[in-house]
Amino acid sequence: MVRKLVVSMLAVVPLALAACSVGEDDAARPLKSTSTSTSTTTPGSTSTSSTTSTTTVATTTTTGRPPAAPHFVCPDGGLDAIRELQDAIDQGHQPWRLSAPDVAAACTFGIPGTQVQAVGHNRYKVVHSSTGRSAIVDLAQPLGRGTIWVATAVAYSTAASAARCTSEAMLPVVRAALEPPHVAAIKITQCHGGYARLVAIPDNATCGRPGAPCWESEQVFLADHGGRWTFLTAGTGISCGTDNDLPASLLTACKALGLR
């Protein structure tokens, strides 16, 4: 009996060891299976792929967007307009555009009757002598040193009341500047931005009579100085759109009126 019992117990021991061995392997397998399952699970892979794609698109969109083209205040336009003016300067036209103080004055109140003072790097203060108005002008040379100066910003110190765009306000100024002949009336064609362009109509009541002259209408430009109109220039042959040798003050007026 004793021998049988021992044999039976010895027979049971391998089975128990086998059972323990099987239990350890089974305990280890789920860990391996879980690890494998996590790395190969389809939802996890889809999420990772989607995140990478979104980041790439965002980066491409940010770096692929072209930078905004520069736009200047005076002259009003971009680099193409600046290059055209530089070509004109290279041919000997408008040499004043190579002078920073002259450009600062022309882009505000005009060169005549102004005082220009440097107040910083490429920054100038322009004061109009007769009205006392002032402006701060920031300049740049977008095409490089030795080329055209342009205004990137203009800030006026005070806003004076504007002169009225009426015949009653302009006619006396035109008559004082042009007579003779007697100016019977005016026709205002543009009036804004501190400037006015008009046609002075002469009195031709005696035209056609022996010895009596016949007068032609005259193109006139006026400037608003401190709320009062002042005579700027006149001439039938002035063309804001095509003349490349306009005085700085007239060029400023043409731009303000939208004629150039």
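The values are calculated or read from the model by the stated rules, or taken from the named source; none is laboratory data. Since this is a predicted model, take the numbers as computed values, not measurements. In this analysis, Cβ positions are derived from the backbone assuming ideal geometry, glycine residues included, and neighbour counts consider all displayed protein chains. Areas reflect the complete protein model, heavy atoms only, side chains present, ligands, DNA and RNA absent. Shrake-Rupley method; radii C 1.70, N 1.55, O 1.52, S 1.80 Å.
From Leu85, Leu143, which residue is over 25 Å from Leu257 (Cβ atoms) and in contact (Cβ under 8 Å) with a residue 40 or more places away in the chain?
Leu143
Quick one: would you say Trp229 is open to solvent by less than 50 Å² (accessible area, probe 1.4 Å) and either more than 30 Å from Gly92 (Cα to Cα) or not hydrophobic (A, V, I, L, M, F, W, C) (or both)?
For Trp229, the condition - open to solvent by less than 50 Å² (accessible area, probe 1.4 Å) and either more than 30 Å from Gly92 (Cα to Cα) or not hydrophobic (A, V, I, L, M, F, W, C) (or both) - is met.
Determine, yes or no, whether Pro112 is assigned to a loop (DSSP other than H, G, I, E, B), touching a residue at least 12 places away in the same chain (Cβ under 8 Å) and over 24 Å from Gly78 (Cβ atoms).
Values: assigned to a loop (DSSP other than H, G, I, E, B): yes; touching a residue at least 12 places away in the same chain (Cβ under 8 Å): yes; over 24 Å from Gly78 (Cβ atoms): yes.
Criteria met by Pro112.
State all residues of the range 108-137 that are modelled with pLDDT of 85 or more, surrounded by fewer than 19 Cβ atoms within 10 Å (Cβ to Cβ) and not β-branched (Val, Ile, Thr); if no residue qualifies, say none.
Gln115, Gln117, Ala118, Gly120, His121, Asn122, Arg123, Lys125, Ser134
Using the structure shown, decide if Val150 is touching a helix residue (DSSP H, G or I) at 6+ places or on another chain (Cβ under 7 Å), at pLDDT 85 or above, under 18 Å from Gly193 (Cα atoms) and surrounded by 13 or more Cβ atoms within 10 Å (Cβ to Cβ).
no
Can you name the residue in the range 191-214 that is closer than 28 Å to Arg260 by Cβ and in a loop (DSSP other than H, G, I, E, B) and is also modelled with the lowest pLDDT among such residues? Steps first, please.
Taking the range 191-214 as the starting set, the residues that turn out to be closer than 28 Å to Arg260 by Cβ are 191-202.
Applying the additional criterion that residues be in a loop (DSSP other than H, G, I, E, B) yields 193-194.
On the way: Gly193: 82, Gly194: 85.
Looking at the filtered set, the residue picked out is Gly193.
Listed here are the residues, each with its yes/no results for (1) surrounded by 15 or more Cβ atoms within 10 Å (Cβ to Cβ); (2) part of a strand (DSSP E or B); (3) touching a helix residue (DSSP H, G or I) at 6+ places or on another chain (Cβ under 9 Å).
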position: Ser161; (1), (2), (3): no, no, no
position: Met170; (1), (2), (3): yes, no, no
position: Ala177; (1), (2), (3): yes, no, no
position: Ile186; (1), (2), (3): yes, yes, yes
position: Thr189; (1), (2), (3): no, yes, no
position: Thr236; (1), (2), (3): no, no, no
position: Leu250; (1), (2), (3): yes, no, no
position: Gly258; (1), (2), (3): no, no, no
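So which residues in the range 207-220 are surrounded by 13 or more Cβ atoms within 10 Å (Cβ to Cβ) and either touching a Phe, Trp or Tyr at 6+ places or on another chain (Cβ under 7 Å) or more than 17 Å from Gly241 (Cα to Cα) (or both), if there are any at all?
Result: Trp215, Ser217, Glu218.
How many residues are assigned to a strand (DSSP E or B) and hydroxyl-bearing (Ser, Thr, Tyr) if we restrict to the range 139-159?
Qualifying residue count for the region: 2.
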